[in-house]
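Just below is one structure, and these are the notes that go with it.
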Amino acid sequence: MNAISTSSKAVEVRNVFKNYGEVEALQDLSLDFPRGELTSLLGPSGCGKTTLLKIIAGLLPADSGEVMVNGETVTGPGPDRAFVFQDFALLPWASVIRNVAFGLELRGVGKSEREAIAEKYIADVGLDGFELKFPHQLSGGMRQRVGLARALSVDAQVLLMDEPFSAVDEQTRRKFQEDLLNLVKHENKTFLFVTHSIEEAVYVSDQIALLLPRPSRVSEIIRPSGFRDKGIDSIRRDSEYLDIVDRIWDSLRTYVE
Amino acid sequence: MKAFGYQLPAMSSLIIWGLLWELVGQLELTFFLPALSEIFITLSEIIGTKPFIKALTETGQAFFLGTFYAVTIGIPLGILMGKNRFIDELLLPWVNVFLSAPLTALVPVLMVLFGFGLKAIVITTSLFAIWIIILNARAGVKQINPALVEMAHSFGASPMDAFFKIYFWAALPEILSGVRIGFIRAVKGVIIGQLLISIVGFGALFELYSSQFLMSHFWAVLLVLFTLAFSISEFLAMLERKVEYYASKR
């Protein structure tokens, strides 16, 4: 590993501009994502948070500015990043194991090797025994676990998650949030997490980037510090947690139609 | 099928029409319609004969070559049109023109271009089948979930990977129904080709029997043709049902 890739920033966004025709989606946006932490992009709808995530993923080009992952400029998708999609994006004609192994399949990993890796991550996300099921036989929450296992199995250092829990029910969502905290703790990866839920962002994040719209810019960066090590059961009762939720709502309320 | 609240056995409709046909034939109302039993007797007489086997081989060969080209050209072309706006806008007007064109009227032109042999018949067959196959493959790709394409892209899929692992499978239910309709049209195409271009195969048999007013022979060959077309169509419909589980959930 060279000096840059061991630096404390996994992803750096420098002066990124993005327009959709006349609409300014991102204006001069700069932001750092610390290595090994989970950073949330939080903001009202239309603030360009998904646009920013897709630019970092290399799925969308920026009009100007630069995105660097481990010190290298992003020109397209790469093996250093893996994406978790809001609507899961599973192959409906493929079994769970083929879906989980699909990222590896595209990278040319042999069948037995990639299925062994996939099996490990299927077990990790709690889908043991569902390897040969098809997506339409699974609940929404289970489908997203497949999406998560697919992203984990390519072993990218950076995980990009685009509102991954917005299409699952509330209880599943809470379970996911707890699992995500464990994942951040035990996998040595950097997580970029887009959400529109204030509570969710504060609950799971080491760092919250508050985006304000028209055009999007980072209005504030918040780093919750006090409650992260107290155990997941007491977070929602912690006074710092509640204060941050209130503070963010104060900043956002004027932007909600 | 149900009648008066009773569940009728499978193929009841075929049996009813078959009985009606037999009745009308026995009454000898018109020479055009001999009794069904008479047709089956004729069928059993001609089915093993050399001219019949030869006709079946000739028609089968032209049919399979024609549909082979229609499928191998039509499906990739349709997928490309669905994927690529430029290719789509370039080709779509022509596909629509030929879909509704009276292709039979073009057959003399094809004869001038490709001669009087198998080649012209195969091309006629392909032309009958290919347009609906293209349009269906295109429609299948058009309704693909863009997130799937994005997903493949984000995991580093090459254009070839995306084509064979995403587009083809996502469009498969539509592709199969296009192929099914295309094959039925190809049956028409091959017979028209064999009637107009060179009098060979089943086309020649139809020509011979109808000009000699051998109606039970004519119907016997038509029944064979119908059975073949029906079997192919049912086989493809069975494949369609196999992918049905994901057709509504892409």
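The values are calculated or read from the model by the stated rules, or taken from the named source; none is laboratory data. Here the structure is a predicted model, which means the values were calculated and not measured. Because the Cβ atoms are built from the backbone with ideal geometry, glycine has one as well, and the counts that use them run over all protein chains shown.
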Report task. Report yes if B:Arg138 is modelled with pLDDT of 90 or more and either crowded, with 22+ Cβ neighbours inside 10 Å or under 21 Å from A:Ala101 (Cβ atoms) (or both), otherwise no. Result -> yes
Report summary line: Out of (1) touching a residue at least 60 places away in the same chain (Cβ under 8 Å); (2) buried (at least 18 other Cβ atoms within 10 Å of the Cβ), the one B:Trp131 does not meet is (1)
Report summary line: Screening B:Leu99, B:Leu92 for residues that are more than 18 Å from B:Val190 (Cα to Cα) and either surrounded by fewer than 16 Cβ atoms within 10 Å (Cβ to Cβ) or within 14 Å of chain A (Cβ to nearest Cβ) (or both) leaves only B:Leu92
Requested in this report: Please enumerate the residues belonging to segment A:70-86 that are within 24 Å of A:Leu212 (Cα to Cα) and either surrounded by fewer than 18 Cβ atoms within 10 Å (Cβ to Cβ) or at pLDDT below 90 (or both).
Outcome: A:Gln86
Report summary line: Sole miss for A:Arg247 among (1) at pLDDT 80 or above; (2) within 30 Å of A:Ile122 (Cα to Cα) is condition (2)
Query raised in the report: Which of the residues that make up segment A:47-74 are farther than 20 Å from A:Asp32 by Cβ and either at the interface with chain B (Cβ under 8 Å from one of its Cβ atoms) or out of contact with any helix residue (DSSP H, G or I) (no Cβ under 9 Å at 6 or more places or on another chain) (or both)?
Result: A:Leu59, A:Asp63
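Evaluate the following for B:Met215: is it of a type in the set (A, V, I, L, M, F, W, C), more than 18 Å from B:Leu56 (Cα to Cα) and more than 14 Å from chain A (Cβ to nearest Cβ)? Talk me through it step by step, then tell me what you get.
Values: of a type in the set (A, V, I, L, M, F, W, C): yes; more than 18 Å from B:Leu56 (Cα to Cα): yes; more than 14 Å from chain A (Cβ to nearest Cβ): yes.
Yes: the conditions hold for B:Met215.
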Query raised in the report: Would a scan of segment A:17-33 turn up a residue that is surrounded by 17 or more Cβ atoms within 10 Å (Cβ to Cβ), small (Gly, Ala, Ser), out of contact with any Gly (no Cβ under 8 Å at 6 or more places or on another chain) and over 26 Å from A:Ile198 (Cα atoms)?
Result: no
Report summary line: Only unsatisfied item for A:Pro79, checking (1) in contact with a Gly (Cβ under 8 Å, 6 or more places away or on another chain); (2) in a strand (DSSP E or B); (3) within 14 Å of another protein chain (Cβ to nearest Cβ), is (2)
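One line per residue, one yes/no per condition, for (1) at negative phi; (2) outside any loop (DSSP other than H, G, I, E, B); (3) among the aliphatic types (A, V, I, L, M); (4) surrounded by 14 or more Cβ atoms within 10 Å (Cβ to Cβ):
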{"position": "A:Glu220", "(1), (2), (3), (4)": "yes, yes, no, no"}
{"position": "A:Lys230", "(1), (2), (3), (4)": "yes, no, no, no"}
{"position": "A:Asp233", "(1), (2), (3), (4)": "yes, no, no, no"}
{"position": "A:Ile244", "(1), (2), (3), (4)": "yes, yes, yes, yes"}
Query raised in the report: Out of all the residues in segment B:236-247, which are surrounded by 12 or more Cβ atoms within 10 Å (Cβ to Cβ) and closer than 17 Å to B:Phe183 by Cα?
Result: B:Leu236, B:Ala237, B:Leu239, B:Glu240
Report summary line: Condition set hydrophobic (A, V, I, L, M, F, W, C) and assigned to a helix (DSSP H, G or I), scope segment A:88-117, selection nearest to the other protein chains (Cβ to nearest Cβ): answer is A:Leu106
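With in contact (Cβ under 8 Å) with a residue 12 or more places away in the chain and out of contact with any Ser or Thr (no Cβ under 8 Å at 6 or more places or on another chain) as the only criterion, which of A:Gly58, A:Gly76 stands out? Lay out the reasoning, then the answer.
Values: A:Gly58 fails: out of contact with any Ser or Thr (no Cβ under 8 Å at 6 or more places or on another chain).
Sole residue among the options that is in contact (Cβ under 8 Å) with a residue 12 or more places away in the chain and out of contact with any Ser or Thr (no Cβ under 8 Å at 6 or more places or on another chain): A:Gly76.
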Requested in this report: Scan segment A:139-154 for residues that are within 12 Å of chain B (Cβ to nearest Cβ) and not in a helix (DSSP H, G or I) and jot them down.
Outcome: A:Val154
Query raised in the report: Can you tell me how many residues in segment B:1-40 are touching a residue at least 12 places away in the same chain (Cβ under 8 Å) and under 22 Å from B:Val221 (Cα atoms)?
Result: 15
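May I ask you to say which residue of B:Ala170, B:Ala220 is within 13 Å of chain A (Cβ to nearest Cβ), surrounded by 23 or more Cβ atoms within 10 Å (Cβ to Cβ) and either outside any helix (DSSP H, G or I) or over 18 Å from the mean Cα position of the chain (by Cα) (or both)? Spell out the reasoning first.
Details: B:Ala220 fails: within 13 Å of chain A (Cβ to nearest Cβ).
Answer to the check: B:Ala170.
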